[in-house]
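**Q** Structure provided below as structure tokens; questions to follow.
Bear in mind these aren't lab numbers, they're just calculated from the coordinates by the rules spelled out. Not measured: the values here are computed from a predicted model. Positions of Cβ are generated from backbone atoms using ideal geometry, with glycine treated the same way; all protein chains shown enter the neighbour counts.
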Amino acid sequence: MKTIEQIAAELQGYDPQALSADQVNEFLAHLVQPVTATEEVGVFEALDRVLAVDVVSPISVPPHDNSAMDGFAFDSRLLQPGQPLKLRVAGTAFAGKAWAGALQADQCLKIMTGAIMPAALDTVVPLEFVKVEGDRVEIPPGVVAAGDNRRLLGEDLMAGQPALRRGQTLGPAALGLIASLGLPTVTVFRRIRVAYFSTGDEILTLGEPIREGAVFDSNRYTVFGLLKRLGVDVIDMGVVRDEPALLEAAFRSAATLADAIITSGGVSMGEADHTKAMMKQLGDVAFWRIAMRPGRPMAVGRITERGKSSLLFGLPGNPVAVMVTFLAFVRPALQRLMGGAATSPVLLQAKSLEPLRKKPGRTEYQRGIVSRAGDGSLTVRITGNQGSGVLSSMVEANGLIVLHHSQGNVAVGDSVDVMMFSGVI
Ligand code: AMP
Ligand code: MG
């Protein structure tokens with residue numbers, strides 16, 4: 001396991017006082033050691049888990065050529081351009097049962113969706129296209145071409161081929177795919193546990209009486225929600241007052257319980273509190289100023305307790321800064337820790353309805369509302385007050401406008417990147 005100092009020495013242009021957002025993610029990619037322990041879980045339990053081994057298909061799906069429609073299966077070599085095709089019906093093939101009869105050259109087979117196609121037949125004409133009289137069927141010219149409405153053996157998956165790759169997060173489609181292979185269980189990485197607490201003497205726990213100068217803790221609730229969306233186990237450690245003994249106990253117990261610790265508050269410059277000092281005392285921690293807005297200060301490192309080490313993310317205190325730094329850095333780092341790949345929430349391009357002031361040399365995140373204009377194109381406007389403490393404008397937003405490091409001012413009509421919240425926030 002590399003120390004903060006070792007990782008820093010390997011990174012080009014590392015300056016803890018002026019890191020770019022990209023450098024932060026690069027640093028975290030070196031810091032994070034993915035979990036290795038695995039467990040076997042049932043398919044229902046596998047939702048949102050990270051696959052630990054490739055899933056190789058034991059069977060072909062579908063296992064036979066079969067019909068995609070209710071209709072008549074026939075041999076397309078009998079089709080004559082511009083001519084109707086008249087055939088006799090030899091029988092009916094139902095889904096789930098192999099049809100065992102014999103076919104003569106001028107015969108077709110009535111066939112239901114999903115029923116096995118006999119080897120001699122290659123095409124299905126849907127019921128609604130044909131004239132039927134007794135056991136006679138007439139296919140008008142031009143309604144069907146060779147190979148139509150036939151699903152091929154293995155067109156979804158071929159036996160022996162990897163169906164899903166290690167590191168993939170399993171969503172609803174993947175669960176269905178695993179089940180379609182007949183696999184009742186799947187091997188996933190163990191769940192990670194993330195502990196979080198808020199720091200600051202002015203922070204009130206819900207239920208505490210209001211006092212002057214104090215604010216209710218909101219960060220624990222946003223962090224909880226963001227972690228739940230990611231599918232990790234959460235350990236809520238409450239609000240920790242700014243006393244060395246309390247902070248020490250909280251950090252030590254979090255390190256023994258969790259794979260990662262997220263705190264908020266107490267890492268900015270002029271802090272008179274003990275949070276930074278305790279992080280420094282107990283862990284191998286870097287204190288950064290990141291070229292971004294909101295969310296400039298952040299502490300990152302490891303705290304080791306009784307031989308067990310936990311990643312530490314010391315986020316700034318401002319509620320919006322917490323969410324932005326979580327999305328920009330903590331989320332991808334935790335995805336790696338879970339054994340998966342770091343993925344960004346969906347990025348869309350939308351035309352800005354407003355001019356946006358932006359200084360090159362830092363990444364800025366503005367809360368935006370993306371909508372579809374009458375012509376189908378996407379537009380974005382910013383929610384009101386962009387102050388880093390203003391959560392209400394985060395609630396209104398459906399995405400974050402990402403103004404990249406070297407980008408300058410945005411004019412009305414310019415395209416900007418927007419990180420969409422759906423599924424994430
Ligand atoms: P800090 O990073 O500790 O300087 O905090 C920056 C601002 O965020 C201050 O106004 C704090 O009162 C506020 N803040 C810190 N922690 C929380 C929290 N858990 N919930 C709501 N606001 C907070
Ligand atoms: Mg503070």
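**Q** Quick check on the exposure proxy: order Thr222, Thr343 from fewest to most C-beta atoms within 10 angstrom. Provide the component values of the computation, followed by the final result.
**A** Numbers: Thr222 18, Thr343 10.
With the sparsest Cβ surroundings first, the list reads Thr343, Thr222.
**Q** For a Förster distance of 56 Å, can you work out the FRET efficiency between the beta-carbons of Lys2 and Phe216, rounded to the nearest 0.05?
**A** Values: r = 39 Å, r/R0 = 0.70.
Working from the Cβ atoms, E equals 0.90.
**Q** Now for a different question. With unit charges on the beta carbons (Lys and Arg positive, Asp and Glu negative) and the dipole taken about the Cα centre of the chain, which residue among Gly408, Leu109, Leu247 sits farthest to the positive side?
**A** Of the options given, the answer is Gly408.
**Q** Separate question: Rg (Å, one decimal) plus Dmax (Å, integer) for the alpha carbons of the range 347-420?
**A** For the range 347-420, the Cα radius of gyration and maximum Cα-Cα distance read 11.6, 36 Å.
**Q** Distance from the Cα centre of the range 172-251 to that of the range 63-131, in angstrom?
**A** Computed from Cα coordinates, the inter-centre distance equals 58 Å.
**Q** Take the Cα gyration tensor of the chain, multiply each eigenvalue by 5, square-root it, and list the three semi-axes largest first, rounded to whole angstrom. List each step's numbers first, then the result.
**A** Values: eigenvalues 680, 145, 68 Å².
They are 58, 27, 18 Å, listed from largest to smallest.
**Q** Just want to confirm a number: the relative contact order over the range 14-126, from Cα pairs under 8 angstrom separated by 6+ residues, in percent. Could you put the intermediate results ahead of the total?
**A** Numbers: 130 pairs, mean separation 33.0, N = 113.
Relative contact order here is 29 percent.
**Q** Here is a follow-up. Given the alpha-carbon gyration tensor of the range 66-151, what are the semi-axes of its equivalent ellipsoid in whole angstrom, ordered largest first, with each equal to the square root of 5 times an eigenvalue? The partial results should precede the final answer.
**A** Values: eigenvalues 67, 35, 27 Å².
Gyration-tensor ellipsoid for the range 66-151: 18, 13, 12 Å.
**Q** Pairs of alpha-carbon atoms within less than 8 angstrom and 6+ residues apart define the contacts here; what relative contact order does the range 347-420 have, in percent?
**A** Values: 164 pairs, mean separation 36.1, N = 74.
Worked out over the range 347-420, it gives 49 percent.
**Q** Hand me the tally of lysine pairs in the chain: alpha carbons under 23 angstrom apart, and the pair either on different chains or 8 or more positions apart.
**A** 10
**Q** With an 8 Å cut-off on Cα pairs and a minimum separation of 6 or more residues, tell me the relative contact order of the chain in percent.
**A** Working: 950 pairs, mean separation 69.4, N = 425.
Normalised by residue count, the contact order of the chain is 16 percent.
**Q** How would Leu226, Leu175 line up from fewest to most surrounding beta-carbon atoms within 10 angstrom?
**A** Values: Leu226 23, Leu175 18.
By the 10 Å Cβ count, ascending, the order reads Leu175, Leu226.
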